[in-house]
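What follows is a single structure, written as structure tokens, with notes after it.
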Amino acid sequence: MLVTLLGTGCPQCHPARLGPASLVRAGNTSVLIDCGSGVTQRLVAAGSSGAALDAVLFTHLHSDHVVDLYQLIVSSWHQGRDRPQRIFGPLGTRAFADGLMEVWRAEREARIQYEARPSVAAFDLDVVEFEEGAMLDEAGVRISAFRVDHGPVRPTFGFLFETADCQVAFSGDTTVCDNLVRWAGGVDLLVHECFIHREMVAQRVMRSEVGLRNVAAYHTLSSEVGKVASRAGARMLALHHFVPLMFDRDALLAEVRADYTGPIVVGEDLVSIDAVRRAVTFEDLRLGLG
Ligand SMILES: [Zn+2]
Ligand SMILES: [Zn+2]
């Protein structure tokens, strides 16, 4: 199972870290988790595309995780997609998707008529709203959703991907959460969000104390994420969804290593992690983790 971190960012903006999105490839199956800003460009850079996706999953409906859904749909059509896009999300996803399609309906209908392409199936959305438990099981890949704790944003989910030889868990946006530790128990790879509290001090001019406290309270602090991975018994840990976007990588790695002895990937956009072969690929780097 190959996991590519397409966007390791958050609502803040930096060209090196685009919005939250991850691509999972297992066998012939390609699944996208979240549609952060820039996801369509990152998919192509990763050697995939919106046209190639078998499913899109949403962890929750915070804007940074869904904002590029329409761009994904339109670019998939331009890429020759000739089948509906399947979208799995929490309660509210259908209303969100319907509203989004309605906003662009007149523009889309004019474009479809003018461009006269052979298929418009890419604009058909097959939306499934899920609860905790098994969500999708096909082509040797089983995907389950589990509830996490993102404060007032309910429901928010993480995901567990399972194949015959591999398990990978994604945290979604969450504070420390026992349910995540349970579902991620013994996984080959845990992909987890990370809030770097000390780096936020410099941003206090832009944030109130109460605002900073609120945001920290529904994320997992860098001082906690290694403990979470250890408690879960995860065999590898990859960090993404960094708040803030820019930080001292060495300090973060040292902090997490104090609590977790397995391999740690401080994520970058377009880093790929092979959870079966235990290998990391980034630009020209090929790293075996043993
Ligand atoms: Zn987020
Ligand atoms: Zn969120």
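The values are calculated or read from the model by the stated rules, or taken from the named source; none is laboratory data. As the structure is a prediction and not an experimental result, all values here were calculated from the model. Cβ: placed from backbone, ideal geometry, glycine included. Neighbour counts: every protein chain shown. Areas reflect the complete protein model, heavy atoms only, side chains present, ligands, DNA and RNA absent. Shrake-Rupley method; radii C 1.70, N 1.55, O 1.52, S 1.80 Å.
Evaluated with a Cβ-only charge set (Lys, Arg +1; Asp, Glu -1), the stretch 32-181 carries a dipole of roughly 420 debye about its Cα centre, given to the nearest 20. Quantify how much of the Cα-Cα distance distribution of the stretch 50-102 extends past 13 Å, in percent. So the pairs more than 13 Å apart make up 58 percent of the total in the stretch 50-102.
The order of the peptides 264-275, 128-139 by mean Cβ neighbours within 10 Å, most packed first, is 264-275, 128-139. Taking every DSSP beta bridge that has both ends in the stretch 65-180, the antiparallel portion is near 75%. Note on residue 139 and residue 268: with the Förster distance fixed at 30 Å, the Cβ-Cβ geometry gives a FRET efficiency of about 0.55.
Summarising the strand pairing of the chain, around 65 percent of its internal DSSP beta bridges are antiparallel. Applying 1/(1 + (r/R0)^6) with R0 = 25 Å to the Cβ-Cβ distance of residue 284 and residue 164 gives a FRET efficiency near 0.20. Among the protein heavy atoms of the stretch 1-113, carbon and sulfur supply 56% of the accessible surface, probe 1.4 Å, non-protein parts ignored. Its residue count N sets the reference 2.2 N^0.38 Å, and the alpha-carbon radius of gyration of the chain equals 0.98 times that reference.
Taking every DSSP bridge with both residues inside the stretch 1-138, close to 50 percent are antiparallel.
Take the Cβ-Cβ distance between residue 178 and residue 28 as r, set R0 to 35 Å, and report the resulting FRET efficiency rounded to the nearest 0.05.
That gives a FRET efficiency of 0.50.
Packing, as the average of other Cβ atoms within 10 Å across residues, places the peptides 277-283, 33-39, 106-112 in the order 33-39, 277-283, 106-112, highest first.
Compactness of the stretch 190-262 was expressed as the Cα radius of gyration divided by 2.2 N^0.38 Å, which yields 1.11. Decide, for the stretch 112-175, between rounded, prolate and oblate: order the square roots of the alpha carbon gyration tensor eigenvalues as a ≥ b ≥ c, take rounded if a/c falls under 1.5, and otherwise choose prolate if a/b is larger than b/c, else oblate. Oblate is the answer for the stretch 112-175, as a/c is 1.5 or above yet b/c matches or exceeds a/b.
Between the stretch 225-260 and the stretch 131-170, the alpha-carbon centres lie 21 Å apart. At 1.4 Å probe size, with the rest of the protein present, what percent of the exposed accessible area of the stretch 192-290 is carbon and sulfur atoms? Taking all protein chains in place, the stretch 192-290 shows 53 percent carbon and sulfur surface. Taking the Cα centre of the chain as reference, the dipole from Cβ charges on Lys and Arg (+1) and Asp and Glu (-1) amounts to some 280 debye. Summing Cβ point charges (Lys, Arg +1; Asp, Glu -1) relative to the Cα centre of the stretch 136-289 gives a dipole of roughly 420 debye. Choose one of 281, 256, 266: the residue whose Cα lies farthest towards the positive end of the charge dipole of the stretch 223-284 (beta-carbon charges +1 Lys, Arg; -1 Asp, Glu; about the Cα centre). Of the candidates, 256 comes out farthest on the positive side.
At 1.4 Å probe size, with every protein chain present, just tell me what the per residue accessible area of the chain comes to in Å². Display every interim value, and only then the final one.
On the way: 12400 Å² over 290 residues.
Accessible area per residue, the chain: 43 Å².
For the stretch 1-85, the calculated P(r), taken from all Cα-Cα distances in 5 Å bins from zero up to the bin holding the longest distance, is 3, 17, 29, 27, 17, 6, 1 percent.
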